[in-house]
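Working notes, structure below.
Laboratory data are not the source of any read-out in this text; all were calculated from the coordinates shown. Model, not experiment: these values are computed from the prediction. Note that we place each Cβ from the backbone using ideal geometry, even for glycine, and neighbour counts take in every protein chain shown.
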Amino acid sequence: MDHETYMARAVAACRLGISEGQSPFGSVIVRGGRILAEAHNTVWRDTDPTAHAEVNALRLACRSLGSIDLSGAVLYTTCEPCPMCLAASHWARVSLVVFGASIADAADAGFTELGVPAGELARLGGSPLVVEPGPLRDDCRALFGEWKAARGRPY
């Protein structure tokens, strides 16, 4: 599988979350061609502001391996990680983050993430974590509209 295939899985995880009344974010973690975790945002369901898709996927991946070390793993996420998710990825030693929609796209959709590009934050912090835009950006941006349509109102 390639970046596009894994990002499509993250989009599918996001759509599952939307169908369950959650915010429009999905993530997949892959290492060595094996999917370790797929998750969506569960902030509202869990009443937990840290239950972002990326954090949920990191938790699942670490539990499945019995380790907090995800060296060599790639995190695919439908939206550029916020600072919390980027820091969690750094602490888990994820090697690469590939994102669809940007933080600016999320802001355009009404989300008030801290407007620091994830790659810049990693660089400023001296993290070895590589962050790059990936495929399916338009599909990932469209998830915000799907979410708004499902809720009947914007964020």
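Under a Gaussian network description of the chain, with springs only between Cα atoms under 10 Å, the residue in LEU124, LEU60, LEU143 that fluctuates furthest is LEU124. Charged side chains reduced to their Cβ positions (Lys and Arg at +1, Asp and Glu at -1) give region 3-149 a dipole of some 400 debye around its Cα centre. Once you divide the Cα radius of gyration of region 1-93 by 2.2 N^0.38 Å, the number left is 0.98.
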